[in-house]
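The values are calculated or read from the model by the stated rules, or taken from the named source; none is laboratory data. Because the structure is predicted, anything quoted here is derived from the model rather than measured. Neighbour counts are summed over all protein chains in view; Cβ atoms, including those assigned to glycine, are modelled from backbone coordinates with ideal geometry.
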Amino acid sequence: MDRNEFPTEQWARWARDFIALRTSLMDLATKRALHRAHMVALEKWQEDDGTGVVHQWMVENYADSMLIGLRRLVDKTRGVLSLVKLLEAIAQNHAAFSITRYLEFWQCTYPGINVARARFAYARFSRDGRTFDQEQVRADLRKLEEDHEDILAHIDAVVAHREHPSRDELREDFKSGPRPELTWQHLDRLFDDIGALFNKYNPLVDPGAYIDFERVLPAGYEQAFIRMLAPSQRRDRD
């Protein structure tokens, strides 16, 4: 059995799903890194050089793109690939992830690996060290929903177009009362928590792996923003 084989066919399909979701998360992480660099550039440039409409368009497109991307990751619609649906499927099929099969998978992935290390990794998914704890998955999903109730409700009602309420109705339709305006921090926290959840369960299909979602931009990326400034003012700034 080589690295690309898994104890069951379903396990292998779940591994492919994790790879697809990792790609989506990395795409969003790259967009976030660019957005942050863009915001820093705008903070340093206070003059009204006539490019404000372009910068505003970029900011709005980032917000729309992030909301759509986050919606895909938390979508509960039947037949949709999302991190939430994948983890729910794993919880429903928890018997597939016994310690016996997990040790077999680790041995296949890392021949000669210390068994104690594999058992230590498995402990994050198990209370008794022998069986996969499906309730832990469900608790993690509930916490994600409870911690981000406002933005998830916004995604359901507006981004997913499941309803068509007015702005006033949106603001009042929350258990805790009127909804505060969404901020970049709402997006960041939701993305970070989804990324953390991914990293927690990804070792089920990729032992020992940890994905760093803090993207590093290539050197010289600032020039892209500087070129947007009006030529005369760009010369003054240089």
May I ask you to verify whether Glu135 is part of a helix (DSSP H, G or I), within 26 Å of Arg13 (Cβ to Cβ), among the acidic types (Asp, Glu) and modelled with pLDDT under 95? no
If we scan segment 88-99, do we find a residue that is surrounded by 12 or more Cβ atoms within 10 Å (Cβ to Cβ), among the polar types (S, T, N, Q), touching a Ser or Thr at 6+ places or on another chain (Cβ under 7 Å) and farther than 20 Å from Ser24 by Cβ? yes
Within segment 114-148, track down each residue that is within 25 Å of Phe191 (Cα to Cα) and of a type in the set (Gly, Ala, Ser). Ala121, Ala139
Which residue pairs have Cβ atoms closer than 7 Å, lie 6 or more positions apart in sequence or on different chains, and pair a first residue in segment 98-116 that is hydroxyl-bearing (Ser, Thr, Tyr) with a second residue that is part of a helix (DSSP H, G or I)? Tyr102/Ala118; Tyr102/Tyr122
Based on what the data block shows, is Arg130 free of Cβ contacts under 8 Å to residues at least 40 places away in the same chain and assigned to a loop (DSSP other than H, G, I, E, B)? yes
Please list, ordered by first then second residue, the pairs with beta carbon atoms under 7 Å, 6 or more apart or interchain, first in segment 208-227 and within 20 Å of Met26 (Cβ to Cβ), second of a type in the set (Lys, Arg) and at pLDDT 75 or above. Ile211/Arg22
Can you name the condition, by its number, that Lys31 falls short on among (1) part of a helix (DSSP H, G or I); (2) basic (Lys, Arg); (3) over 19 Å from the mean Cα position of the chain (by Cα)? (3)
Taking the conditions exactly as written (at pLDDT 90 or above, outside any loop (DSSP other than H, G, I, E, B), hydrophobic (A, V, I, L, M, F, W, C) and over 20 Å from the mean Cα position of the chain (by Cα)), does Trp11 satisfy them or not? yes
Of everything in segment 200-218, what is at pLDDT 90 or above, in a loop (DSSP other than H, G, I, E, B) and of a type in the set (A, V, I, L, M)? Give them in sequence order. Val205, Ile211
Determine whether Ala20 is at pLDDT 90 or above and within 24 Å of Tyr221 (Cβ to Cβ). no
Counting only helices (runs of 4 or more DSSP H) wholly inside segment 61-123, the ones holding at least 3 residues that are farther than 19 Å from Ala209 by Cβ are 83-92
Within segment 166-199, track down each residue that is modelled with pLDDT of 50 or more and small (Gly, Ala, Ser). Gly195, Ala196
